[in-house]
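Student: One structure, as structure tokens, below. Some questions next.
Read-outs throughout are calculated quantities, based only on the coordinates presented, and are distinct from any laboratory measurement. Predicted model, so just to flag it, every value in this text is computed and none were measured. Don't worry about glycine lacking a Cβ; one is built from the backbone with ideal geometry, like all the others, and counts go over all protein chains shown.
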Amino acid sequence: MADQEILDSIPHRPPFLFVDRVVEQKERGIVCARKFDGNEDFYKGHYPNAPLTPGVLLCESVFQTAAVYLVKKARAAGTADFENRTPVLCRVENAKFKSMVFPGDEIFIEVSEIDELSGFYHMSGTVKTARGVALQIKFAITMLDKEPARQ
């Protein structure tokens, strides 16, 4: 289960929450962790005889980690309106899958801010397991005003 710090930072909730805890806060980045216990439903259909964590979910763990970083950065800066904004992915580039992530693995997700331009945060992310790097990716996120609930 995710730490309250994560739940207070991003809107994602199980079963679509892929960050459990903050490991380290950095000046221009953050490291978070996620343990895949093997009981997640997606393993039932993603190579069921040899379960493998979907790469798109590893990417999502990076994007959620970046959202945690941006919200924590806004809070630290005293940005008054962060409660009315939500981090949204707007670009993905250069995703490189280097190794597989299996049930039972704990991943460490490191996100670094490259630069910010006109409200777009250009970032890089790395996912590692005990065996080494699983994913490297570059992407951009922006903070959008929250919309009223759709009916």
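Student: Give segment 95-115 a look and list any residue that's surrounded by 15 or more Cβ atoms within 10 Å (Cβ to Cβ), touching a strand residue (DSSP E or B) at 6+ places or on another chain (Cβ under 8 Å) and either under 23 Å from THR79 (Cα atoms) or among the hydrophobic types (A, V, I, L, M, F, W, C) (or both), or say none.
Tutor: ALA95, PHE97, MET100, VAL101, ILE107, PHE108, ILE109, VAL111, SER112, GLU113
Student: Across segment 4-33, what is the total count of residues that are closer than 14 Å to ILE107 by Cα and either part of a loop (DSSP other than H, G, I, E, B) or of a type in the set (Phe, Trp, Tyr) (or both)?
Tutor: Number of matching residues: 4.
Student: Shifting gears a bit: Within segment 93-125, can you find the residues that are within 13 Å of ARG34 (Cα to Cα) and either under 12 Å from the mean Cα position of the chain (by Cα) or assigned to a loop (DSSP other than H, G, I, E, B) (or both)?
Tutor: The answer is VAL101, PHE102, PRO103, GLY104, ASP105, ILE107, PHE108, ILE109, GLU110.
Student: Which of the residues spanning segment 43-85 are outside any loop (DSSP other than H, G, I, E, B), surrounded by 16 or more Cβ atoms within 10 Å (Cβ to Cβ) and among the polar types (S, T, N, Q)?
Tutor: Scanning segment 43-85 gives SER61, GLN64, THR65.
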